[in-house]
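Read through the structure below, which is laid out as structure tokens, and then see the notes.
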Amino acid sequence: MRAHVSKAAVLLLAACAVLLPPCATAAAVGRVQPVRVDYYMEALCPYCANFTITQLQPLFSNKLINYVQLSVIPWGNARVDADGKTTCQHGQLECDLNRLLSCASAQHPAQDDFFPFLACLEEAVLAGGKLQVQQLAHSCAVHAGMVTDKLMACYEGPLGATLQQLAAQRTASLKPPHRWVPWITVNGIPLLDDVDNIQRYICTVVYHTASVRDRPKACLEEEVGPSAPKRSTDRLQQQQQQQQ
């Protein structure tokens with residue numbers, strides 16, 4: 001369902017900004033503060049794959065990503081039992097691919113470098129068929145210009161496990177806790193079920209923080225100005241209260 005974003009929602013987003021880990025990078029444009037977008041996901045979630053391809057990928061095509069600091073956290077609904085064993089919602093293959101994504105992100109932290117790998121993997125998920133870690137690692141590494149051997153060394157070694165522990169900790173620290181995936185936050189505020197409006201949220205924040213000359217062309221068709229129709233912000237205000 002499409003929804004309009006009000007000025008109040010933008011102010012709320014800006015007021016509740018959170019720090020990102022050092023591995024998250026952005027290509028800030030001019031004097032514009034990048035909009036922080038955190039993407040909590042899991043590798044075999046079809047809704048995550050669809051969000052990656054239909055909502056995130058266009059941000060790279062229209063260059064709006066240059067105004068974004070994107071961080072991908074591949075853990076999702078995974079759980080660790082009392083014995084320390086990780087169980088993923090879609091089975092062991094998902095756990096393995098989450099680890100692979102963590103390694104790819106850590107080795108190639110620039111979002112322009114990492115995203116082609118993520119998109120390649122998620123396109124394979126959407127295509128269906130049998131998926132294998134080594135085959136996906138190789139094909140997507142080649143697609144993204146990465147070194148397969150280096151990627152697999154991380155995946156098969158202790159670093160891969162450590163990176164997944166960090167992803168688990170970051171997911172567990174969400175306030176309020178995530179309820180499903182994909183779970184998207186913009187400047188620390190969860191979009192809940194409004195993730196299909198990610199570009200509008202980004203454009204609205206940029207509209208209110210950037211000078212006219214610094215506003216991206218991709219936002220010109222979005223209804224983000226003062227005359228944009230009013231949208232209820234009750235859900236976002238409730239999330240803010242829970243974080244305080």
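The values are calculated or read from the model by the stated rules, or taken from the named source; none is laboratory data. Bear in mind that the values here come from a model prediction, so they are computed numbers and not experimental data. We place every Cβ from the backbone using ideal geometry, glycine too, and count neighbours over all the protein chains shown. Ligands, DNA and RNA are stripped out before the accessible areas are found, and what is left, the full protein with its side chains, is counted by its heavy atoms. Shrake-Rupley method; radii C 1.70, N 1.55, O 1.52, S 1.80 Å.
Somewhere in segment 65-72, is a residue in contact (Cβ under 8 Å) with a residue 60 or more places away in the chain, within 13 Å of the chain's Cα centre (by Cα) and surrounded by fewer than 19 Cβ atoms within 10 Å (Cβ to Cβ)? Don't jump to the end; show me each part of the working.
Just the residues of segment 65-72 that are in contact (Cβ under 8 Å) with a residue 60 or more places away in the chain, to begin with: 66-68.
Keeping just the survivors that are within 13 Å of the chain's Cα centre (by Cα) gives 68.
From what is left, the residues that are surrounded by fewer than 19 Cβ atoms within 10 Å (Cβ to Cβ) are none.
The answer is no; no qualifying residue exists.
Can you go through Leu136, Leu131, Leu174 and tell me which one is within 21 Å of Val72 (Cβ to Cβ), part of a helix (DSSP H, G or I) and open to solvent by 10 Å² or more (accessible area, probe 1.4 Å)?
On the way: Leu131 fails: part of a helix (DSSP H, G or I); Leu174 fails: part of a helix (DSSP H, G or I).
None of the others qualify; the one that does is Leu136.
Taking segment 177-191 on its own, how many of its residues are over 14 Å from the mean Cα position of the chain (by Cα) and not in a loop (DSSP other than H, G, I, E, B)? Steps first, answer last, please.
Quick first cut of segment 177-191, residues over 14 Å from the mean Cα position of the chain (by Cα) only: 177, 179.
If we keep only those that are not in a loop (DSSP other than H, G, I, E, B) too, we end up with none.
Number of matching residues: 0.
Has segment 57-64 got any residue that is more than 22 Å from Gln169 (Cα to Cα) and touching a strand residue (DSSP E or B) at 6+ places or on another chain (Cβ under 8 Å)? Break it down stepwise before answering.
To start, the set of residues in segment 57-64 that are more than 22 Å from Gln169 (Cα to Cα) comprises 57-64.
Checking which are touching a strand residue (DSSP E or B) at 6+ places or on another chain (Cβ under 8 Å) leaves us with 59.
Yes.
So, of the residues in segment 75-93 that are out of contact with any strand residue (DSSP E or B) (no Cβ under 9 Å at 6 or more places or on another chain) and surrounded by 14 or more Cβ atoms within 10 Å (Cβ to Cβ), which turns out to be nearest to Gly145 (Cα to Cα)?
The selected residue is Leu93.
Just a yes or no: is a residue in segment 153-171 within 15 Å of Tyr39 (Cβ to Cβ) and not in a helix (DSSP H, G or I)?
no
Of the residues that sit in segment 107-128 and are part of a helix (DSSP H, G or I) and of a type in the set (Gly, Ala, Ser), which one is surrounded by the fewest Cβ atoms within 10 Å (Cβ to Cβ)? Give the derivation first.
Within segment 107-128, the subset part of a helix (DSSP H, G or I) is 107, 111-127.
Still in the running and of a type in the set (Gly, Ala, Ser): 119, 124, 127.
Working: Ala119: 19, Ala124: 18, Ala127: 9.
Looking at the filtered set, the residue picked out is Ala127.
Hey, can you tell me all the residues within segment 41-56 that are under 11 Å from the mean Cα position of the chain (by Cα) and open to solvent by 10 Å² or more (accessible area, probe 1.4 Å)?
Gln55
Within the set of pairs 6+ apart or on separate chains, which have a first residue in segment 192-214 that is at positive phi and open to solvent by less than 10 Å² (accessible area, probe 1.4 Å), a second that is part of a loop (DSSP other than H, G, I, E, B) and not hydrophobic (A, V, I, L, M, F, W, C), and C-beta atoms under 7 Å apart?
none
Scanning for something open to solvent by 40 Å² or more (accessible area, probe 1.4 Å), modelled with pLDDT of 95 or more, more than 28 Å from Thr54 (Cβ to Cβ) and hydroxyl-bearing (Ser, Thr, Tyr), does segment 148-165 turn up at least one residue?
In the first step, residues of segment 148-165 are kept if they are open to solvent by 40 Å² or more (accessible area, probe 1.4 Å); the result is 149-150, 153, 156, 158-159, 162, 165.
The next check asks that each one be modelled with pLDDT of 95 or more; those that pass are 149-150, 153, 156, 158-159, 162, 165.
Subset that is more than 28 Å from Thr54 (Cβ to Cβ): 149-150, 153, 156, 158-159, 162, 165.
Imposing the further condition that a residue be hydroxyl-bearing (Ser, Thr, Tyr) reduces the set to 162.
Yes, the conditions are met somewhere in segment 148-165.
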